[in-house]
1. In the range 66-99, how many are assigned to a loop (DSSP other than H, G, I, E, B) and among the aliphatic types (A, V, I, L, M)?
2. Please pick out the residue among ARG294, ARG253 that is surrounded by fewer than 20 Cβ atoms within 10 Å (Cβ to Cβ), at pLDDT 95 or above and under 16 Å from GLY51 (Cα atoms).
3. Let me confirm something: among ALA258, ALA246, ALA272, which residue is under 13 Å from PHE50 (Cβ atoms), under 19 Å from the mean Cα position of the chain (by Cα) and either at pLDDT below 95 or surrounded by fewer than 20 Cβ atoms within 10 Å (Cβ to Cβ) (or both)?
4. Residues to consider are ASP63, ASP102; find the one that is among the charged types (D, E, K, R), more than 24 Å from TRP221 (Cβ to Cβ) and in a loop (DSSP other than H, G, I, E, B).
5. In the set GLY176, GLY172, which member is at pLDDT 90 or above, in a loop (DSSP other than H, G, I, E, B) and loosely packed, with under 15 Cβ neighbours inside 10 Å?
6. Of all residues in the range 105-152, count the ones that are of a type in the set (Asp, Glu) and either in a strand (DSSP E or B) or crowded, with 17+ Cβ neighbours inside 10 Å (or both).
7. Does the range 153-164 contain any residue that is of a type in the set (Ser, Thr, Tyr), surrounded by 14 or more Cβ atoms within 10 Å (Cβ to Cβ), in a helix (DSSP H, G or I) and in contact (Cβ under 8 Å) with a residue 40 or more places away in the chain?
Amino acid sequence: MMRVVTRLLALFALTLVAACGQNDTPKQSTAQGGPALWQVQRGELKGWLFGTIHVLPKGVAWDTPTIKDAMTASDRLILEAADLQDEQKTLSLFEKMGRSADLPPLERRVPDEEKTALVKAMADGGTNSQLLSGYESWAAAMLLSAASQQGLGVSQDDGVEPVLIETFRKAGKPIGGLETVERQFAAFDTLPEPAQSRLLVQTVHEAKGMKALYDRILTAWSKGDMEAIAKEDQIGEQPDPMVEEAVLVARNRDWVKAIEPMQGRPFIAVGAGHLTGRENLIDLLKARGFTVTRVQ
């Protein structure tokens, strides 16, 4: 399974990156063949499933003619969480769910052998224990990941979702979500502390190679190379099974339940990482009798 932290870059970007500003250095890139797109059919449903990347550098040309035609033919947009674009609401929920009183310092929440790496990761990201220790370990992990992204030159504002939202709004088509931002944060917030601690340690480890990892995923995504994205599953340490179950697999199962009653021509856009790995969304849809056909 591709790294949990990397799959959820959108959530991380919306916390610290949104609050502290982004790197505005232009970076031109062109989609080579275009990101992966599928047609999804069952009964009265004939829609599309698009694998997105939530944060991008400026100038990435991803909206190919095939994707534009699908958006034009669709009758509505379905995102992971429609309210994720409400930055004020997202940050307010994060502060409400992510903070707790009387928490121990962050360094005391990781094994002794990880403390030096944690302190270095915080320093490299321009943050420190004093700023992060008021947050539960899952929230501190998100903030630390967001801090590590500061040097990537990427922005949620340049990601896929804002373009999709603007396109569908201009066309007067409704926009919905498979879940809420509160549900996304709850996947982390309900993890027991040992699992949160392991997520924090994994975040520290991933911070070291964040740029190289992101660049590999961006290249693969731009070409629609789902095999390359899936291969990231085998690189590096494996995630904690409890985190994988709560943050990825359980949500994929919930999304299938949300898609099942749909009719018409929805354009469903979710992070590409949800379309590979164990119990990914495509496999779960096929198991429920949907025909899922790659069209780009």
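1. Of the residues in the range 66-99, the ones assigned to a loop (DSSP other than H, G, I, E, B) are 74-75, 86.
Okay, now just the ones that are also among the aliphatic types (A, V, I, L, M), so none.
Of the residues in the range 66-99, 0 are assigned to a loop (DSSP other than H, G, I, E, B) and among the aliphatic types (A, V, I, L, M).
2. Numbers: ARG253 fails: under 16 Å from GLY51 (Cα atoms).
Unique residue meeting the criteria: ARG294.
3. Working: ALA258 fails: under 13 Å from PHE50 (Cβ atoms); ALA246 fails: under 13 Å from PHE50 (Cβ atoms).
Criteria check complete, one pass: ALA272.
4. Numbers: ASP63 fails: more than 24 Å from TRP221 (Cβ to Cβ).
Result: ASP102 is the single residue among ASP63, ASP102 that is among the charged types (D, E, K, R), more than 24 Å from TRP221 (Cβ to Cβ) and in a loop (DSSP other than H, G, I, E, B).
5. Values: GLY176 fails: in a loop (DSSP other than H, G, I, E, B).
Step by step, each of GLY176, GLY172 is checked, and only GLY172 is at pLDDT 90 or above, in a loop (DSSP other than H, G, I, E, B) and loosely packed, with under 15 Cβ neighbours inside 10 Å.
6. Here is the first cut: in the range 105-152, the residues of a type in the set (Asp, Glu) are 107, 112-114, 124, 136.
Checking which are either in a strand (DSSP E or B) or crowded, with 17+ Cβ neighbours inside 10 Å (or both) leaves us with 114, 136.
Going through the range 105-152 one residue at a time, the tally reaches 2.
7. Just the residues of the range 153-164 that are of a type in the set (Ser, Thr, Tyr), to begin with: 155.
So of that shortlist, the ones also surrounded by 14 or more Cβ atoms within 10 Å (Cβ to Cβ) come out as 155.
This time we only want the ones that are in a helix (DSSP H, G or I), so: none.
No, the range 153-164 contains no residue that is of a type in the set (Ser, Thr, Tyr), surrounded by 14 or more Cβ atoms within 10 Å (Cβ to Cβ), in a helix (DSSP H, G or I) and in contact (Cβ under 8 Å) with a residue 40 or more places away in the chain.
The values are calculated or read from the model by the stated rules, or taken from the named source; none is laboratory data. Note that the structure is predicted; figures quoted are calculated from it, not measured. Quick reminder, even Gly has a Cβ in these numbers, built from the backbone with ideal geometry, and neighbours come from all protein chains shown.
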